[in-house]
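The values are calculated or read from the model by the stated rules, or taken from the named source; none is laboratory data. The shown structure was predicted, so the numbers you read here are calculated from the model rather than taken from an experiment. Using ideal geometry, Cβ is built from the backbone for each residue, glycine included, and neighbour counts are taken over all protein chains shown. Please note that ligands, DNA and RNA were not included when accessible areas were found on the heavy atoms of the full protein model with its side chains. Shrake-Rupley method; radii C 1.70, N 1.55, O 1.52, S 1.80 Å.
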Amino acid sequence: MILGHNNHDLGVQPLSKIAIHKTILALSPVNFLVAAPPVLGILGEDYQWVTVKVVSRKPSKDDWVGVFSPAKFNSMPCPPVPDSTGWIQKPYLCQAPIKYKFPSDENPAYVTTGQAMLRFRLINQRSNFSFVLFTGGLKKPRLTAVSNFITFLNPKAPVYPRLALGKSWDEMTVTWTSGYDYRDAIPIVEYESDGGEVRRAPAGTLSFNRNSMCGAPAKTVGWRDPGFIHTSFLKNLWPNLRYTYKLGHFLTDGTYVWSKKFSFRAPPFTGQNSLQRVIIFGDMGKAERDNSNEHSDYQPGSLKTTDRLVEDLANYDMVFHLGNLPYSNGYLSQWDQFTAQVQEISSRVPYMIASGNHERDWPNSGSFYDTPDSGGECGVPAETMYYYPADNKAKVWYKVDYGMFRFCIADSEHDWREGTEQYKFIEHCLASVDRKQQPWLIFAAHRPLGYSSNYWYGMEGSFAEPMGREALQKLWQKYKVDIAFYGHVNSYERVCPIYQNQCVSEEKRHYKGHVKGTIHVVVGGGGCQLSDFTTSPPVWSIYRDRDHGFGKLTAFNHSYLEFEYKKSRDGTVHDYFTIHREYRDVLSCQHDGCEKITYAS
């Protein structure tokens, strides 16, 4: 059994604070809620603001309003639970809300007047909504009033496209969510290049059910039907051309349902010498723009990072999110919230993911770390909601070729040690790249498998994930990996070019010539509550920043690479370095960078 710590993933999923299974029905004829407008998305919008009028005869500061979807809830799926006397009975409620607010937070006069107006931002989540007034706080909720039901005009509509690179350089994949099963409608993508012919590509359909979950809350109060996930493969794309596309479903009655139009630029040919820019970060999470439960609390920097990336969309070509995506922790409604939050990004550029502890880890589920961090999801939602070019979707390790880059993405939540299936993949990924055409070799994983001066790693004495670099550093050195990126530690840190705990260069920013060691970078400050560093930084730690931010790689050509660390609050550059080298520098043998014994010798 492999144990792991979660001390640098601070904060508690807000929905888990609600003891929803302890709800007592206490309807009051003088309490009521009215939600408007009754029909959302009339113009095809996938989100809309809703106003809820709250009236209570006995208002309290502990009153809260929960948003429920589906709107009609009952105790049918609830497992029986014993009460304080040992009597086993079904709870009245076993479905967590998708978000909540305290009326007194936005309307301080509520505790005296008993009236409040609340605004919620709702996204299309394949079902209708209701608003419920509770007294007694989050731990002893008493249900006193339920609003009218409201719904999107077409709750099944295709929404939240997620682009990803395919297994070949001329392929782009599109994944989206809808309420249409393959038996109800045929999913398709219609796309065209500027001035080109209109083409259509079929899509496959996947989903999962409550029994796919490994434990609570994902299997109990956090469960919500994920709808249907569709993926289409757009093949034989012309390099660098811009394509316009839309998501569609051909219904059994002969009509079509279409999304709005989106666009992307096709990938460059492998090895192409052109400007190529990649965003990389981990641990962003999600937040609510209507100031409901999570805002500026659970994932305080999430919206800042999202907004900076949306503002800068024209200046990068791809995103790597290195694990810990929404931090749903078993509350599945949050996956819809997250895909909606990043839609403006993921609909325009490939959004590639890695597996994190909050996606995968669960006791006795085959994860390397035997922790409950996924809230019972054990990887199922992440592995279904997002496409990545892995041979086995349950094993989130894969390679990505993008122009002059080769990315080897590891899965830190599965065993990577020497002799394992993943170790063999990592070595093959690193060994099989043609460095003359793809000079920039990047390794990435969620947990720091290399170097980190995070406080908890310092306490353990490992200054990285225990057993991390023990197995992998000889591969990084042998195959001359330029940079290794990690998340998990919710801050930023840059390490010198290093091999076996020793800096192999005294230079701090502008690296030239032979590849003597790998530069390790932690970019885990995407939005989660921030992590602390050890008070005595190791000599190899060049730059540290306890703030929210993200990294940007820019390959100008085959000889010149730049990395920038940007703050999420304003997008300014706070750290950077450059690498300038020629092909002969990669071929050179440095510090165990070549085989010690060959057949010739």
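For this structure, a couple of remarks:
- Residue satisfying all of: in the range 109-130; within 35 Å of the chain's Cα centre (by Cα) and open to solvent by 80 Å² or more (accessible area, probe 1.4 Å); farthest from Val67 (Cα to Cα) among these: Met117
- Taking the criterion of being under 19 Å from the mean Cα position of the chain (by Cα) and either outside any loop (DSSP other than H, G, I, E, B) or farther than 17 Å from Phe485 by Cα (or both), the residues of the range 395-413 that qualify are Lys395, Tyr398, Lys399, Val400, Phe407, Cys408, Ile409.
- Hits in the range 287-319 (condition: of a type outside the set (A, V, I, L, M, F, W, C), out of contact with any strand residue (DSSP E or B) (no Cβ under 9 Å at 6 or more places or on another chain) and either open to solvent by 10 Å² or more (accessible area, probe 1.4 Å) or at pLDDT below 95 (or both)): His295, Ser296, Asp297, Tyr298, Gln299, Pro300, Asp307, Glu311
- Of all the numbered requirements in (1) more than 21 Å from Cys589 (Cβ to Cβ); (2) surrounded by fewer than 23 Cβ atoms within 10 Å (Cβ to Cβ), Tyr499 misses one, and that requirement is (1).
- Boolean, Arg162 is at pLDDT 95 or above and more than 21 Å from the chain's Cα centre (by Cα): no
- Hey, Glu493 among the acidic types (Asp, Glu) and either part of a helix (DSSP H, G or I) or open to solvent by 10 Å² or more (accessible area, probe 1.4 Å) (or both) or not: no
- Some residue of the range 5-23 being within 23 Å of Ser333 (Cα to Cα), touching a Lys or Arg at 6+ places or on another chain (Cβ under 7 Å), open to solvent by 80 Å² or more (accessible area, probe 1.4 Å) and at pLDDT 95 or above: no
- Flag if Thr518 is surrounded by fewer than 19 Cβ atoms within 10 Å (Cβ to Cβ), within 28 Å of the chain's Cα centre (by Cα) and not charged (D, E, K, R): no
- Unique residue being at pLDDT 95 or above and closer than 25 Å to Glu359 by Cβ when the list is Leu322, Leu275: Leu322
- Any hit, the range 263-284, residues being in contact (Cβ under 8 Å) with a residue 12 or more places away in the chain, in contact with a helix residue (DSSP H, G or I) (Cβ under 6 Å, 6 or more places away or on another chain) and either hydrophobic (A, V, I, L, M, F, W, C) or farther than 20 Å from Gly551 by Cβ (or both): yes
- Scanning the range 309-341 for residues that are among the aliphatic types (A, V, I, L, M) and touching a residue at least 40 places away in the same chain (Cβ under 8 Å) returns Leu309, Met318, Val319, Leu322, Leu325, Leu332, Ala340.
- Residues within the range 391-418 that are without any contact (Cβ under 8 Å) to a residue 24 or more places away in the chain and either more than 18 Å from Tyr479 (Cα to Cα) or acidic (Asp, Glu) (or both), tallied: 4
- Any hit, the range 76-97, residues being in contact with a Leu (Cβ under 6 Å, 6 or more places away or on another chain) and either under 26 Å from Ser328 (Cβ atoms) or modelled with pLDDT of 95 or more (or both): yes
- Scan of the range 194-215 for residues that are free of Cβ contacts under 8 Å to residues at least 60 places away in the same chain and open to solvent by less than 60 Å² (accessible area, probe 1.4 Å), ordered by number: Gly196, Ala201, Ala203, Gly204, Thr205
- Phe264 vs. criteria touching a Leu at 6+ places or on another chain (Cβ under 6 Å), open to solvent by less than 30 Å² (accessible area, probe 1.4 Å), among the aromatic types (Phe, Trp, Tyr) and under 29 Å from Phe556 (Cα atoms): yes
- Here Gly450, Gly419 are screened, and the one residue that is open to solvent by 40 Å² or more (accessible area, probe 1.4 Å) and outside any helix (DSSP H, G or I) is Gly419.
- Annotation note: Cβ proximity below 8 Å between a residue of the range 533-547 that is free of Cβ contacts under 8 Å to residues at least 40 places away in the same chain and a residue that is part of a loop (DSSP other than H, G, I, E, B) and small (Gly, Ala, Ser) (sequence gap 6+ or interchain) occurs for no pair.
- When Phe556, Phe577 are screened for being closer than 28 Å to Asn324 by Cβ, of a type in the set (Phe, Trp, Tyr) and either crowded, with 17+ Cβ neighbours inside 10 Å or in contact (Cβ under 8 Å) with a residue 24 or more places away in the chain (or both), only Phe577 passes.
- Single residue of the range 377-394 satisfying the filter (open to solvent by less than 20 Å² (accessible area, probe 1.4 Å) and under 15 Å from the mean Cα position of the chain (by Cα)) that is farthest from Asn209 (Cα to Cα): Tyr388
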